[in-house]
Amino acid sequence: MSTATEQRMTTQEYIELEEKYGAHNYHPLDVVIDRAQGAWVTDVEGRRYLDCLAAYSAVNQGHCHPKILHAITEQASKVTLTSRAFRNSQFPLLLQELHELTGFEMALLMNSGAEAVETALKTARRWGYRVKGIPRDRAEIIVCANNFHGRTISVISFSTEESYRDSFGPFTPGFKVIPFGDAKALEEAITSHTCAFLCEPIQGEAGVVLPPPGFLAMAAKICQEKNVLFMLDEIQSGFGRTGKLFAFEHEEARPDVLIVGKALAGGFYPVSAVLASRDVLGLFKPGDHGSTFGGNPLGCAAARAALQVIVEEKLCERSAELGEYFLRRLRTLSNPLIREVRGRGLWIAIELTVAARPYCERLRDLGVLCKETHERVIRIAPPLVITREEIEWACERFEQVFQPR
């Protein structure tokens, strides 16, 4: 297809092509984005929208950030992929910078968030057998109800969302589910075969659900006392989304294993990582685990620039300040259909008593893009480079949509 033909295509024509040739495993809003910059995106017909989803927090640094763009373009002209059969000059520098930023001794790099979660599961089991002394093939990992850690067979095996599991069995054994935020249930679920507790510090896909205050710190303490790895999935909540570099910092509940992804490369490239101590990740030997693309020089260059942007532009501080303002403004909405407005940093949910999608569609028509989750929740997560004026502009549209009729 020629570029001239593409330029003449309408939104509906693009949608029809996608519906015809693509698997229907998503239900996107009917807007076809053609380009983006900062907190704004533009569709194929030139209409501009304020992005209040940020690719599920993958573009915390804003769309097409010039510093990351320069880094990835420069690296693309040198070398993009070597595989881990050889070494490359970007990989060790990213490892060092991750250590300096987070304090974790080692990192194991993968690509997607789901791959990082799978890596963490393998890490926990190996630690359980090699260090804790759990009998072979008897290791258990505790997780939380309403979790979301990806879509692989192992991950959906411990999901409590039936639609994620329907017709995908048989499932991987070795998991126990407890209520999210229930420290007593966690303590009671631990046995001599428990190698890890895995949870999100804030449940994103479930609707930006915050645990009770003190839960994370209590969970960390319980895990330490019971000789269990405390593993946090900060793929969505990490890198400034909640007003701290990581959400666990709100309670100083430092995990033994930290899983990161999405904003790690600013949306330019899929880069994820498992961070832990040398005692944990040092259990891997050559051949035990790997990825052709994991740690590739192109992704590493993007990630290094993405981390620099977070620090240099003080995006964590911006998220804390602007998130408080956004949350306060949205809580002034007066509509009996709104059950709750909650959030932390620039990660906010409007929970309704009715289906949320029609409201997301009306917001789209007014120039604001956000997305429903779990049917009745509108999830709001703009790029952290958004301005106070842009938030005010968005709030005016929310007021229009939720004005009582």
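Based on what the data block shows, is Arg379 outside the structural domain of Phe91 (by TED's automatic domain parsing) and either at pLDDT 95 or above or assigned to a loop (DSSP other than H, G, I, E, B) (or both)? It is true that Arg379 is outside the structural domain of Phe91 (by TED's automatic domain parsing) and either at pLDDT 95 or above or assigned to a loop (DSSP other than H, G, I, E, B) (or both).
Residues of the range 252-301 that are among the hydroxyl-bearing types (Ser, Thr, Tyr) and more than 18 Å from Gly240 (Cα to Cα): Tyr269, Ser277, Ser291, Thr292.
Taken as a whole, the condition of being exposed (fewer than 15 other Cβ atoms within 10 Å of the Cβ) and not in a loop (DSSP other than H, G, I, E, B) does not apply to Glu45. If you check Arg87, Arg35, Arg125 for being in a loop (DSSP other than H, G, I, E, B) and not β-branched (Val, Ile, Thr), only one passes: Arg87.
Of the residues making up the range 12-32, those that are of a type in the set (A, V, I, L, M, F, W, C) and either within 28 Å of Leu315 (Cβ to Cβ) or part of a loop (DSSP other than H, G, I, E, B) (or both) number 4.
For the range 212-245, which residues satisfy the criterion of being in contact with a Gly (Cβ under 9 Å, 6 or more places away or on another chain), of a type in the set (A, V, I, L, M) and surrounded by fewer than 24 Cβ atoms within 10 Å (Cβ to Cβ)? Correct list: Leu245 only.
From the residues in the range 130-166 that are touching a Pro at 6+ places or on another chain (Cβ under 8 Å) and in contact (Cβ under 8 Å) with a residue 24 or more places away in the chain, which one is surrounded by the most Cβ atoms within 10 Å (Cβ to Cβ)? Selected residue: Cys144. Taking the listed residues Lys244, Lys226, the one that is touching a Ser or Thr at 6+ places or on another chain (Cβ under 9 Å), modelled with pLDDT of 95 or more and over 25 Å from Gly174 (Cβ atoms) is Lys244, with no other qualifying. Mind telling me which of the residues Phe402, Phe326 ends up being in contact with a helix residue (DSSP H, G or I) (Cβ under 8 Å, 6 or more places away or on another chain), of a type outside the set (Ser, Thr, Tyr) and over 24 Å from Glu313 (Cα atoms)? Only one candidate qualifies: Phe402. When Leu283, Leu298 are screened for being more than 20 Å from the chain's Cα centre (by Cα) and either among the small types (Gly, Ala, Ser) or not in a loop (DSSP other than H, G, I, E, B) (or both), only Leu298 passes. Filtered by the rule that a residue be of a type outside the set (Lys, Arg), touching a residue at least 40 places away in the same chain (Cβ under 8 Å) and in a helix (DSSP H, G or I), the range 111-122 gives Gly113, Ala114, Glu115, Ala116, Val117, Thr119, Ala120, Leu121.
If you go through the range 354-376 and keep only what is of a type outside the set (A, V, I, L, M), more than 23 Å from Gly267 (Cβ to Cβ) and assigned to a loop (DSSP other than H, G, I, E, B), you end up with His374, Glu375, Arg376. Identify all residues within the range 224-258 that are within 16 Å of the chain's Cα centre (by Cα), among the aliphatic types (A, V, I, L, M) and either part of a loop (DSSP other than H, G, I, E, B) or not assigned by TED's automatic domain parsing to the domain that holds Arg130 (or both); write none if there are none. Ile235, Leu245, listed by residue number. Would you call Leu186 farther than 21 Å from Ala273 by Cα, touching a residue at least 40 places away in the same chain (Cβ under 8 Å) and not in a loop (DSSP other than H, G, I, E, B)? Against the criterion (farther than 21 Å from Ala273 by Cα, touching a residue at least 40 places away in the same chain (Cβ under 8 Å) and not in a loop (DSSP other than H, G, I, E, B)), Leu186 qualifies.
For the range 117-146, a residue qualifies if it is under 20 Å from Pro170 (Cα atoms) and out of contact with any strand residue (DSSP E or B) (no Cβ under 7 Å at 6 or more places or on another chain), and the qualifying residues are Glu118, Lys122, Asp137, Arg138.
The values are calculated or read from the model by the stated rules, or taken from the named source; none is laboratory data. These numbers come from a predicted model, not from an experiment. Note that we place each Cβ from the backbone using ideal geometry, even for glycine, and neighbour counts take in every protein chain shown.
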